[in-house]
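Input: a single structure, listed below in structure tokens.
The values are calculated or read from the model by the stated rules, or taken from the named source; none is laboratory data. Computed from a predicted structure; not experimentally measured. Cβ placement follows ideal geometry from the backbone for every residue including glycine, while neighbour counts extend to all protein chains displayed. The accessibility values were calculated without ligands, DNA or RNA, using every heavy atom of the protein model including side chains. Shrake-Rupley method; radii C 1.70, N 1.55, O 1.52, S 1.80 Å.
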Amino acid sequence: EEKWDFVLVSDIHEVGSEKETKRKKFLDELSKKGFTIKKIEDKKLFYGVRAPRQIFQKYQWLLRNPDSRLQNASAHHDIPVTTRIRIVNFILQNTITSDLERLCDLMKKRVFEAAFPLHEKEEVREFLKERWARWRDIFSHQPIEKIRCYFGEKVALYFTWLGWYTYLLGIAAAAGLVVFVAGITVFNSSQVSKEICEATDTIMCPLCDQKCPFWLLSDTCTYAKSPHRVSLRPLLAPTATVFLELWKRQRATVVTKWDLYRWDEEEEELAMELINNLQHEPQKYQHSYFRSTIILFLVLVMIAVLIGIAHGLVIYRVVATALFTQSDSEFLREQANTMAVMTGAVLHYITIVIMTKVNRRVALYLCELEKPRTFSQHENSFTVKIFTFQFFTNFSSLIYIAFFLGRINGHPGNYVRIAGRWRLEECHPSGCITDLFIQMAIIMLLKQTISNVMEYLIPWMSHKLHKKWQRPKKRRMMLGEEEEAEDPCKRQWLSNYQLSEVHAFSLFDEFLEMVIQYSFTTIFVAAFPLAPLLAFCNNLFEIRLDAIKMMRLRRRIVPRKANDIGIWLQVLEAIGILAVIGNGLVIAITSDFIPMQVYKYTYSPCMTENSTAVDCSTGYINHSLSVFRIQDFEPHTKVPEMLPHLEIKECRYRDYRNADDYSYTVQFWHIFASRLAFLILFEHAALCVKLIAAWYVPDVPKSVKNEFRVRKHNNLRKELSTMEYSTEV
């Protein structure tokens with residue numbers, strides 16, 4: 001059976017047309033370089049391309065250190081198939097016609113429709129299809145070596161990283177589940193939840209201006225017992241640092257086994273450029289301050305747009321709350337705040353889906369303006385920009401809920417209003433962290449269900465429909481052209497062409513999806529301790545989903561050599577820093593952890609009365625509520641009907657304000673100072689943990705260092721022995 005490195009696909013153009021001429025010029029350039037080209041005509045034109053043996057001999061000679069293990073070597077392939085495909089792809093992409101056009105230019109002009117390496121019927125592929133790319137193998141170990149043999153080191157490192165991340169997620173998920181269960185156990189019997197549930201005479205102020213009644217604090221009894229209020233969550237914050245340190249060790253072990261630890265990407269790039277064109281001059285590094293300034297300005301404008309969208313979501317929740325409170329449905333009126341948060345979360349998910357496509361186009365445009373020197377630089381630049389945009393798209397609304405919701409809306413009698421009409425929304429009656437918990441839960445569930453289902457169904461349905469439409473046409477051609485039907489390449493090329501297209505950033509999309517998920521599971525894990533559990537369950541399916549897409553539904557991805565996950569490591573480091581800051585802010589500002597500790601050690605009966613017979617949290621709820629006289633309501637507010645059998649002159653609200661002039665109390669400033677002090681201590685303690693972990697867990701295991709040392713020793717001994725032998729002779 002003939003082996004072909006690449007297949008080019010083109011429409012059948014008229015003889016003498018511009019497209020036909022351009023196609024001929026490109027194929028002629030390949031022929032001059034010694035490529036063998038085979039043409040098969042169907043509804044499209046297929047050109048099989050095979051590089052001459054001399055190209056790969058030059059590659060081996062220039063680098064002097066070819067791949068140490070032959071992956072799927074045969075009489076036709078004296079170097080690994082992945083290396084062969086990578087070199088041929090580089091030459092195809094950098095072959096220039098007499099019109100100064102490259103393959104990418106010709107594809108934009110529709111001279112060529114597609115260019116892809118083939119999924120061939122080989123042993124390693126059948127093994128991966130049967131033992132890896134199946135749902136039944138969801139709990140099985142990944143055959144990383146086989147993945148490397150078929151898809152190259154970059155894809156193998158992605159699955160190594162994803163498997164390692166999922167493994168450690170299992171530990172974090174167990175810890176989060178313990179925190180969740182502990183919350184149910186502890187808060188069911190805690191003094192704070194007991195006081196809330198027994199506060200049947202504590203009348204709270206209305207949550208909106210129209211049709212919102214006075215309500216009793218005891219109505220929030222169920223939420224008071226919910227586990228997201230537990231104070232064990234600081235223990236989950238350092239997981240990001242530990243994960244990265246352990247991954248660095250795992251990565252060093254893996255790439256050492258592949259003989260790629262000291263691999264030089266730039267050297268390989270220069271070698272392939274010279275193989276493609278001996279007269280090639282190396283591109284020099286360039287930097288333009290003017291261009292960088294323009295790009296920075298445009299990035300800031302895009303970030304401002306994304307923050308503006310987050311403001312739009314805030315306005316939606318404000319208006320939705322007002323509309324729900326005026327509804328004829330009693331349920332909507334009573335649950336107006338919760339309904340506004342939930343529908344706002346769904347709307348946030350929709351904006352994430354839409355803006356992801358917009359962000360990609362903007363990031364690609366900015367990369368074109370930047371004019372990076374190589375594909376790797378282009379990929380790194382694109383990664384930084386798209387992650388920045390995606391971070392603000394995913395987290396702007398969450399940041400508002402975590403740190404601003406309920407803190408900038410004023411107080412009864414003096415609310416902050418939008419357009420002088422709609423007052424800013426308040427936190428959930430049980431506290432602001434409930435809003436963050438609900439938002440996180442909805443977004444993560446939607447992202448991990450709808451997105452994954454669509455990610456699988458779209459290429460699967462496209463593949464099935466494409467095969468169904470092609471089959472009858474193919475059968476007629478087989479009957480009409482017996483000679484072509486006998487060509488063994490035709491069926492294989494057609495079946496590969498019918499698969500979904502892959503592009504240069506196909507693997508990038510998988511990385512981005514997982515890194516955004518990593519952000520969710522680390523930055524706000526203090527508010528949503530079940531995030532690691534949801535991520536763990538998702539990743540068990542994600543690994544097999546990606547495997548099935550790569551093996552069964554998509555064309556073969558062009559293998560790329562790598563000894564690390566690239567700039568994604570720096571992105572993960574940045575997320576680790578943001579996780580420390582974010583969790584510190586959630587604990588200090590969003591949760592009731594600091595106010596409760598201040599009360600226990602300053603204002604509680606344990607301190608003021610030296611009483612040890614009572615719980616130190618006794619009286620905290622009453623202490624955290626301020627008093628408002630209903631006669632001071634604004635004209636915008638329609639005073640609701642009184643509760644049955646009660647004449648209400650005052651109501652309570654969550655804040656620390658004086659009852660006479662509504663100014664902040666001494667307790668407010670005490671808590672404010674304590675929040676800042678805790679935040680500073682927490683950040684410094686987390687930084688110390690990060691530094692200690694980096695010192696305690698070396699990036700490179702001693703076994704790897706020893707292996708390199710022994711290898712150097714043996715090489716020097718061999719050289720010395722050779723020299724002495726030649727001297728004696």
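Some observations on this one:
- With respect to the conditions (1) within 23 Å of ASP487 (Cβ to Cβ); (2) assigned to a helix (DSSP H, G or I); (3) free of Cβ contacts under 8 Å to residues at least 60 places away in the same chain, ARG23 falls short on a single one, namely (3).
- Selection count, segment 203-228, where residues are open to solvent by less than 10 Å² (accessible area, probe 1.4 Å), assigned to a loop (DSSP other than H, G, I, E, B) and modelled with pLDDT under 70: 0
- Considering segment 243-344, the qualifying helices (runs of 4 or more DSSP H), each wholly inside and each with 1 or more residues that are charged (D, E, K, R) and closer than 30 Å to PHE214 by Cβ, run over 289-325, 330-334.
- With respect to (1) part of a helix (DSSP H, G or I); (2) closer than 30 Å to THR166 by Cβ; (3) at pLDDT 85 or above; (4) open to solvent by less than 40 Å² (accessible area, probe 1.4 Å), the lone exception for TRP493 is condition (2).
- Across segment 257-300, the qualifying residues are those that are closer than 30 Å to ASN583 by Cβ and open to solvent by 50 Å² or more (accessible area, probe 1.4 Å), and the one among them that is nearest to the chain's Cα centre (by Cα) is LEU300.
- Selection within segment 1-20 - charged (D, E, K, R), free of Cβ contacts under 8 Å to residues at least 24 places away in the same chain and not in a helix (DSSP H, G or I): GLU14
- Test: residue in segment 183-193 that is at pLDDT 85 or above and assigned to a helix (DSSP H, G or I): no
- Residue in segment 555-563 that is modelled with pLDDT of 90 or more, crowded, with 21+ Cβ neighbours inside 10 Å and either of a type in the set (Asp, Glu) or at positive phi (or both) present: no
Matching residues to (1) open to solvent by less than 40 Å² (accessible area, probe 1.4 Å); (2) touching a His at 6+ places or on another chain (Cβ under 7 Å); (3) not aliphatic (A, V, I, L, M):
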{"residue": "ILE399", "(1), (2), (3)": "no, no, no"}
{"residue": "ARG421", "(1), (2), (3)": "no, no, yes"}
{"residue": "ILE438", "(1), (2), (3)": "yes, no, no"}
{"residue": "TRP460", "(1), (2), (3)": "no, no, yes"}
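- Search result, residues across segment 590-632 that are under 43 Å from the mean Cα position of the chain (by Cα) and β-branched (Val, Ile, Thr): THR590, ILE594, VAL598, ILE621
Rundown of residues vs (1) part of a strand (DSSP E or B); (2) modelled with pLDDT under 90; (3) basic (Lys, Arg), yes/no style:
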residue	(1), (2), (3)
ARG69	no, yes, yes
HIS76	no, yes, no
ARG86	no, no, yes
LEU92	no, no, no
ILE96	no, no, no
PHE112	no, no, no
ALA115	yes, no, no
GLU145	no, no, no
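- Scanning segment 353-380 for residues that are open to solvent by 60 Å² or more (accessible area, probe 1.4 Å) and either acidic (Asp, Glu) or in contact with a Cys (Cβ under 8 Å, 6 or more places away or on another chain) (or both) gives GLU368, GLU370.
- Evaluation of GLY566 against the conditions (1) open to solvent by 30 Å² or more (accessible area, probe 1.4 Å); (2) assigned to a helix (DSSP H, G or I) shows that the sole unmet condition is (2).
- Segment 1-21 - residue that is of a type outside the set (Ser, Thr, Tyr) and crowded, with 20+ Cβ neighbours inside 10 Å and, of those, farthest from THR83 (Cα to Cα): LEU8
- Test result for PHE520, open to solvent by less than 10 Å² (accessible area, probe 1.4 Å), within 17 Å of the chain's Cα centre (by Cα), modelled with pLDDT under 90 and over 30 Å from ASP435 (Cβ atoms): no
- Against the test of being part of a loop (DSSP other than H, G, I, E, B), aromatic (Phe, Trp, Tyr) and surrounded by 21 or more Cβ atoms within 10 Å (Cβ to Cβ), the options PHE528, PHE536, PHE628 yield a single qualifying residue, PHE528.
- Summed over segment 677-712, the residues that are within 30 Å of GLN250 (Cα to Cα), in a helix (DSSP H, G or I) and either open to solvent by less than 100 Å² (accessible area, probe 1.4 Å) or aliphatic (A, V, I, L, M) (or both) give a count of 19.
- Here segment 229-256 is the region considered, the condition is being among the hydroxyl-bearing types (Ser, Thr, Tyr), at pLDDT below 85 and more than 18 Å from ILE594 (Cα to Cα), and the residue that is surrounded by the most Cβ atoms within 10 Å (Cβ to Cβ) is THR241.
- Figure legend. Inter-residue proximity from segment 418-437: first residues touching a residue at least 12 places away in the same chain (Cβ under 8 Å) and in a helix (DSSP H, G or I), second residues open to solvent by 40 Å² or more (accessible area, probe 1.4 Å) and of a type in the set (Phe, Trp, Tyr), beta-carbon distance below 7 Å, spacing 6+ or different chains. Indicated pairs: THR434/TYR223.
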